[in-house]
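The values are calculated or read from the model by the stated rules, or taken from the named source; none is laboratory data. Quick caveat: nothing in here was measured; it's all calculated off a predicted structure. Glycine also receives a Cβ, built like all others from the backbone with ideal geometry; neighbour counts cover every protein chain displayed. Each accessible area value is taken on the protein alone, full model and side chains, heavy atoms only, with ligands, DNA and RNA left out. Shrake-Rupley method; radii C 1.70, N 1.55, O 1.52, S 1.80 Å.
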Amino acid sequence: MIQTLRPPRETKPVDRPTVMRAAVYMADQNPHRDRSLGITTMTQSLIAELFSRKDIDWTQIVSRSSFRGEGESVATCPLPFGTDYFLGRLLADSLHPRLAGIDVDVLYYPKGYAPWSSVSAPSIGTMHDTIIQHYADHYPETRSKLAFRYWIRASRRSLERFDRVLTVSQTAAGQLHSFCDRHGIQPPPIEVTYESSPWEKYRDLSFEKGDFVVHLASSAVHKRTTYLVEQWDQLLRRRSDLPELVLVGSLDKASKAIVSQSDDMRVLPRLPLNELRDLVGRARALILPSEIEGFGLPAIEAYYVGTPACYVSDTSVDEVLNLELAGDSVPGKFELDEPSSFETALDEVLGLSSIEVAETSDRLYELFSASRVGNRVVAALKRSAGR
């Protein structure tokens, strides 16, 4: 009797979900040297959220001097030098794909500059604005031609090389598309994820208000610190009911000259974040006369600690404060070329109740919490990695 054996039954491999492997480049962020406190704050908040997740296997590329995040299962790839000086930064930006030698599904660049050398995985970056082009067009005296050429070229290279670009507002997305049109670049997919801030965890704190308002002062022209100081000086000449103006940061010569003659304006140096948070929380208002921003994080942070903001119309700050509002806009909006509108905006925010401020704070948290922003970024990373 001949017995015929059945052939072994073919089994299909079971698809088991694998954890996405991602690397994040942080060697280009040195908080003690960086110009942009906003980008540093945004990165710290976002990285803390991303590193807390279990669906991504993270590796962070850092230098001896740069910011680095913390996480239970986060691997760290340290470059053997600092990046808080020009040569170290140039070497890291150029050579980190080779020096790191890591195999991942996607590379993420929170500061928005693509590497000079090619990478083997899809790359995605958060590009916050095109302020460098704004300065080249409107304030060419503020930097050398070589500096403008270098940073504009870096922005162009990033838009040409990234497989996907994230940005922080619809206003910023418009800036990036205009930049691409101007320089003849075919843009990659550009997605808006918005921003979050670690100040969200202080929303339940209660601050005793003082009789002062705060401005984050800067000698950078687009921040319009001199404009504010001049406007305040004019208001003081005919009003005795104004709170003190506290300027935190650096002033140019014109602002220093005006402030030195006034008893109602005070200058503080750049403060540690916990001291700045407490100062803003005790202020009656935060004043943001900036003419251009990518997002305008200080306005949201101020609301998180119970302080309303004055802000310029038709900017990204206007966009994010009024996002998804169908009716009246958040009080405090003014036009830079209409001094009377600034006074009106100031009186509006000084007259807001704590309940009104808290309602705006709650709405902003629903839109821009770290978990929501993290969800948007993770979804974009997975799309870029083909997940």
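Quick look at the values:
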| item | result |
| --- | --- |
| Residue under evaluation Ile292, criteria (1) outside any loop (DSSP other than H, G, I, E, B); (2) at pLDDT below 95, criterion not met | (1) |
| Matching entry among Leu336, Leu346 (being under 30 Å from Leu242 (Cβ atoms), out of contact with any Pro (no Cβ under 6 Å at 6 or more places or on another chain), of a type in the set (A, V, I, L, M, F, W, C) and assigned to a helix (DSSP H, G or I)) | Leu346 |
| Unique residue being more than 21 Å from Gln44 (Cβ to Cβ) and either surrounded by fewer than 17 Cβ atoms within 10 Å (Cβ to Cβ) or of a type in the set (Phe, Trp, Tyr) (or both) when the list is Asp137, Asp105 | Asp137 |
| Residue within the stretch 274-282 that is in a strand (DSSP E or B), touching a strand residue (DSSP E or B) at 6+ places or on another chain (Cβ under 6 Å) and either closer than 23 Å to Val349 by Cα or modelled with pLDDT of 95 or more (or both) present | no |
| Of all residues making up the stretch 51-66, the number that are more than 16 Å from Pro80 (Cβ to Cβ) and of a type in the set (A, V, I, L, M) | 1 |
| Residue satisfying all of: in the stretch 171-206; among the hydrophobic types (A, V, I, L, M, F, W, C) and outside any helix (DSSP H, G or I); nearest to Glu359 (Cα to Cα) among these | Leu205 |
| Among (1) within 25 Å of Tyr202 (Cα to Cα); (2) in a helix (DSSP H, G or I) - the single one Ser341 does not satisfy | (1) |
| Any hit, the stretch 39-47, residues being in contact with a helix residue (DSSP H, G or I) (Cβ under 8 Å, 6 or more places away or on another chain) and modelled with pLDDT of 90 or more | yes |
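Residue-by-condition table, conditions (1) under 20 Å from Ser196 (Cα atoms); (2) open to solvent by less than 10 Å² (accessible area, probe 1.4 Å); (3) under 20 Å from the mean Cα position of the chain (by Cα); (4) among the aliphatic types (A, V, I, L, M):
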position	(1), (2), (3), (4)
Leu242	no, no, no, yes
Asp252	no, no, no, no
Pro269	no, no, no, no
Ile292	yes, no, yes, yes
Ile300	yes, yes, yes, yes
